[in-house]
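Peer 1: Have a look at the structure that comes next, please.
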Amino acid sequence: MDAIIKPSCVIIFALIFASCGNDNTTSSESQNIIDFTISNSEIFLYDLEFSGDEEGASIIKQAQNMEISELFRDENRGMTIVYRCKPNSGYTGVDYVEIETCRGGVGIICTQIDTIRIRFTIIN
């Protein structure tokens, strides 16, 4: 009887462990992507909604099909950090950008670093 139970327990444990690992990775990645549909003649703005001196952002994966793809502080929005992009003229398809953000902080040290992933469906 032990010869059957021990191998069965190992197999069941392995299946449970593998299943938990795959579910967490997939759901985590899909929840971190923000989707937008934009026109290829449009200038798109996405307000990151933080403006403190100790807070910041940087593009860690640049969009590949954009004439403009940048971060700036918008004085019309209280100096919040805004991502601005404009697709290449005539381009249709999908593009993607990753932005790393730094929030909070004591002095000049970040206390919370996050990644924002934006996927664009670009149409005429």
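The values are calculated or read from the model by the stated rules, or taken from the named source; none is laboratory data. These numbers come from a predicted model, not from an experiment. Methodologically, a virtual Cβ is constructed for each residue, glycine included, from the backbone with ideal geometry; neighbour enumeration extends over all protein chains shown.
Peer 1: Taking the residues in segment 52-105 that are among the β-branched types (Val, Ile, Thr) and more than 18 Å from Ile34 (Cβ to Cβ) as candidates, determine which candidate is nearest to the chain's Cα centre (by Cα).
Peer 2: The residue in question is Ile68.
Peer 1: Another one. Condition first: modelled with pLDDT under 95, surrounded by 13 or more Cβ atoms within 10 Å (Cβ to Cβ) and either assigned by TED's automatic domain parsing to the domain that holds Gly52 or among the β-branched types (Val, Ile, Thr) (or both). Can you find one or more residues in segment 115-123 that meet it?
Peer 2: Checked against the condition, which is being modelled with pLDDT under 95, surrounded by 13 or more Cβ atoms within 10 Å (Cβ to Cβ) and either assigned by TED's automatic domain parsing to the domain that holds Gly52 or among the β-branched types (Val, Ile, Thr) (or both), segment 115-123 yields no hits at all.
Peer 1: Do we find a residue being hydroxyl-bearing (Ser, Thr, Tyr), at pLDDT below 95, surrounded by 12 or more Cβ atoms within 10 Å (Cβ to Cβ) and not in a strand (DSSP E or B) anywhere in segment 78-93?
Peer 2: So far as segment 78-93 goes, no, none of its residues is hydroxyl-bearing (Ser, Thr, Tyr), at pLDDT below 95, surrounded by 12 or more Cβ atoms within 10 Å (Cβ to Cβ) and not in a strand (DSSP E or B).
Peer 1: Just checking, how many residues over segment 21-74 are assigned to a helix (DSSP H, G or I) and at pLDDT 95 or above?
Peer 2: 0
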